[in-house]
Every structure is written in C-alpha cells, then in structure tokens.
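Have a look at the structure below, then the notes.
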Ligand code: AKB
C-alpha cells in the first residue's frame with residue numbers, strides 16, 4: 001500500500017509497483033481532496049488512508065492484507081516552514097500511527113528521508129552516510145526524527161523499516177509542490193513552453209538530484225533487498241547527479257539554444273539549499289543493496305525534454 005499515492009513520488013511509485021507486482025496487489029492510499037484520477041484510478045484498488053487517523057490505516061491494512069507500506073505522506077521543505085506544526089503532525093505523528101499499525105500487523109515500512117535531514121555543519125562534499133545531522137528547518141528536524149523513530153521500531157519491535165535519503169526528484173509526470181529543489185523541475189517546463197526561466201537559487205549552488213525512474217528503483221530495490229546484507233536501515237544516502245543552476249541551464253541549452261534564464265534568488269530557498277549537501281557519498285547503498293542509478297544530467301535532460309515536448313504545447 002502506498003500512502004500519499006497521488007503525490008509527486010507516490011503517483012509514479014504506485015504505477016511502477018503495479019507494473020512489477022500486478023495491479024490488484026497494490027493499494028493506492030489517498031486522502032479526501034486528493035483522490036486518484038485517470039490511470040491511477042482505473043488501474044487498481046484504492047483506500048482512504050489519512051496518516052493522522054490511525055483507524056483509517058488499520059482498516060486498510062486489515063481489509064487488503066497489506067504486508068508493505070510505502071509512506072509517502074509529507075510536506076516539502078519550503079511549505080513546511082510556513083506550516084511547521086502540520087509538517088510535524090503529518091511527518092511524525094503520522095509516522096507513529098503507521099509504525100504502530102505495522103507493529104501489530106507485521107508490515108514492512110518505507111518512509112523516505114531526504115538531503116534535508118542534514119544541516120549547515122554537515123560536511124557538504126561527499127557527505128558521509130553516518131555524520132552530523134543538525135538541520136535548522138522543521139522539514140529536516142522531522143526527517144531526522146523519522147530516521148530515528150523508524151530505527152527505534154526496528155531495534156525495539158523488529159518492524160522491518162527501511163529508507164533512503166532522497167535528493168531533489170525530477171519528473172515529467174506529477175509536479176512537486178513547495179520544495180527547495182523544485183526549480184530543477186520547473187526549468188524544463190519553462191524551456192519547453194518557450195518561456196524565460198527565473199531561477200530562485202543562486203549560481204554555484206550545488207544540490208544532489210535524481211531522475212524519477214532511479215528514485216522508484218531505489219525505493220523498490222531497497223524494500224526487496226536481502227535483510228541479512230543491511231548494516232544500515234534508516235536511511236541510506238542515494239546519489240545520482242549533483243549540479244548547480246547554470247549547469248542544468250547549459251544542459252537544456254544544448255538542445256534548446258534559444259532558452260533563457262535569469263536569477264531572482266528566493267532568500268528562504270537559498271538559505272535551505274546552502275545548508276544541504278553539495279553531493280552525498282552513497283557507498284553504503286551501493287555495497288549493501290547494489291544501488292546504481294541509470295541517469296545523469298545529460299540523459300535525464302534528453303528524456304525530460306522529449307517527454308514534455310510530446311505533452312505540452314510548445315512555445
Ligand atoms: C525539497 O526540496 O523539499 C525536497 C527534498 C530534497 O527533500 N525535494
């Protein structure tokens with residue numbers, strides 16, 4: 001079951017899991033106001049699951065005999081700063097509800113962490129798997145807590161919790177909302193629409209990023225991994241590419257030479273971006289469950305532009 005199945009990652013994760021395990025084996029959990037639509041709705045079963053309501057989680061788990069929960073319910077970094085209590089309620093109280101249901105019903109749980117779990121005093125280059133985590137955003141505070149609480153349930157109760165620390169995720173399907181790395185998605189839409197892109201992040205600001213197919217593969221591959229090989233659990237650094245705004249701009253310009261970009265730095269986004277790693281060291285994920293991304297900036301750019309050109313009216 002995927003909780004948050006209509007969100008940025010959840011929508012594509014649900015379809016990928018249905019492809020791999022069969023449509024009827026994958027339940028799309030959604031909340032009122034964010035019901036599945038189109039292919040997501042037509043392709044398989046769905047259940048109303050609100051992380052803040054433990055009964056709704058338990059009812060779906062019991063009714064559909066769930067063995068694995070992908071918990072994708074969260075507010076992204078920028079929006080969380082404007083609603084810190086809601087971010088905590090969804091991220092931590094919600095996770096607690098899920099872990100309790102998982103403990104009682106024997107479910108495995110995947111709850112993603114993020115590059116946002118690191119803070120200004122973390123080493124920014126080749127950020128190690130095990131290092132200082134003192135984030136100064138509520139998003140980061142809740143992600144570190146997510147990691148600790150998930151590990152606690154594993155060690156204390158034997159709940160099979162596993163997670164990755166996702167970089168910024170880039171996709172041509174469902175748009176992100178309220179993240180610091182959203183610019184790396186928005187820039188492709190502007191390019192294909194023939195609009196000038198106004199970049200909210202300063203030149204020279206490096207952040208880890210990943211194309212959606214690799215993000216889906218990371219989540220599923222980790223949940224399928226042999227537990228005997230896992231030294232770590234919550235949560236693994238996973239890296240695919242790291243770039244600054246001028247580099248993604250240059251990659252797009254190679255294919256769309258008329259594309260233009262200017263900077264108008266958003267102080268909150270910049271402060272958050274500056275506190276995050278430039279690039280993570282993901283050796284542990286590679287060693288413990290054979291993590292290996294397929295896409296780099298060039299191949300992702302080619303695929304993003306091809307898919308968006310086929311879908312959007314060109315400018
Ligand atoms: C965000 O920017 O908030 C997310 C993230 C990196 O966790 N995309």
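Structure above, values below:
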quantity: Subset tally (residues that are touching a helix residue (DSSP H, G or I) at 6+ places or on another chain (Cβ under 7 Å) and under 16 Å from residue 122 (Cβ atoms)) for the stretch 135-160; calculated: 8
quantity: Qualifying residue in the stretch 85-98 (condition: free of Cβ contacts under 8 Å to residues at least 24 places away in the same chain and within 16 Å of the ligand (Cβ to nearest atom)); calculated: yes
quantity: Within the stretch 111-196, strands (runs of 3 or more DSSP E) holding 1 or more residues that are closer than 17 Å to residue 79 by Cβ; calculated: 164-166, 168-170
quantity: The one condition in (1) within 19 Å of the chain's Cα centre (by Cα); (2) surrounded by 14 or more Cβ atoms within 10 Å (Cβ to Cβ) that residue 294 fails to fulfil; calculated: (2)
quantity: Residues of the stretch 197-215 satisfying the condition of being away from the ligand (no atom under 15 Å from the Cβ) and part of a helix (DSSP H, G or I); calculated: 213
quantity: Unique residue being farther than 25 Å from residue 274 by Cα, at pLDDT 95 or above and crowded, with 24+ Cβ neighbours inside 10 Å when the list is 109, 159, 164; calculated: 109
quantity: Per-region count, the stretch 94-106, residues surrounded by 15 or more Cβ atoms within 10 Å (Cβ to Cβ) and on the phi > 0 side of the Ramachandran plot; calculated: 0
quantity: Counted residues, the stretch 161-184 - those being out of contact with any helix residue (DSSP H, G or I) (no Cβ under 7 Å at 6 or more places or on another chain) and assigned by TED's automatic domain parsing to the domain that holds residue 223; calculated: 0
quantity: Answer from 228, 219 - the residue that is surrounded by 22 or more Cβ atoms within 10 Å (Cβ to Cβ), assigned by TED's automatic domain parsing to the domain that holds residue 107 and not in a loop (DSSP other than H, G, I, E, B); calculated: 219
quantity: Test: residue in the stretch 194-212 that is within 19 Å of the chain's Cα centre (by Cα), more than 22 Å from residue 124 (Cβ to Cβ) and free of Cβ contacts under 8 Å to residues at least 60 places away in the same chain; calculated: no
quantity: Residue within the stretch 245-266 that is within 16 Å of the ligand (Cβ to nearest atom) and surrounded by fewer than 20 Cβ atoms within 10 Å (Cβ to Cβ) present; calculated: yes
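The values are calculated or read from the model by the stated rules, or taken from the named source; none is laboratory data. Note that the coordinates shown come from a computational prediction; the quantities given were computed from them, not determined experimentally. Cβ: placed from backbone, ideal geometry, glycine included. Neighbour counts: every protein chain shown.
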